[in-house]
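Here, each number is a calculation from the coordinates, and none is a lab measurement. This is a predicted model, so every value here is computed, not measured. Positions of Cβ are backbone-derived with ideal geometry, glycine not excepted, and every protein chain shown enters the neighbour counts.
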Amino acid sequence: MNLNNTDLFVFVAIAALVTVHDKPLLKRACQHALNDGVSMQVLCDILPHISVYSGVPKSLMALEVLKSVDDIQGSNALVIKRTEQQLKTRSHLASFRLV
């Protein structure tokens, strides 16, 4: 992935909003990112990385926000479904480590 400074700023902002669980601002940030040319694929790809630091439940919440933005922007159901499966698998594997 080739990142410029704007992309990096967007990703850090989204990671922070996921961590503090701010749905309205997260939705606006995702909409702005998509309007600025960041693809839904890229936004979905960063969620598994964010989940390591903020937790899977918060990343799943962010995915729900992306789903609501996708209803406005267009159809990315396959990308969103794949990310959801990755996050749920990660959550399931983490529960085994605790035992």
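Here the label points at Leu78 and Ser91, each 7 Å from Cα along the C-beta direction, are separated by 2.5 nm in the simple model. In order along region 30-45, the Karplus-derived 3J(HN,Hα) couplings, from 6.51 cos²θ - 1.76 cosθ + 1.60 at θ = phi - 60°, round to 5, 4, 5, 4, 5, 5, 8, x, 6, 7, 4, 4, 5, 4, 5, 5 Hz, and Gly and Pro are given as x.
Maximal additional length on extending the His49-Lys23 stretch stands at 7.5 nm, based on 0.36 nm per residue less the C-alpha distance. In order along region 9-22, the Karplus-derived 3J(HN,Hα) couplings, from 6.51 cos²θ - 1.76 cosθ + 1.60 at θ = phi - 60°, round to 4, 4, 5, 5, 4, 5, 4, 5, 5, 5, 5, 8, 6, 9 Hz, and Gly and Pro are given as x.
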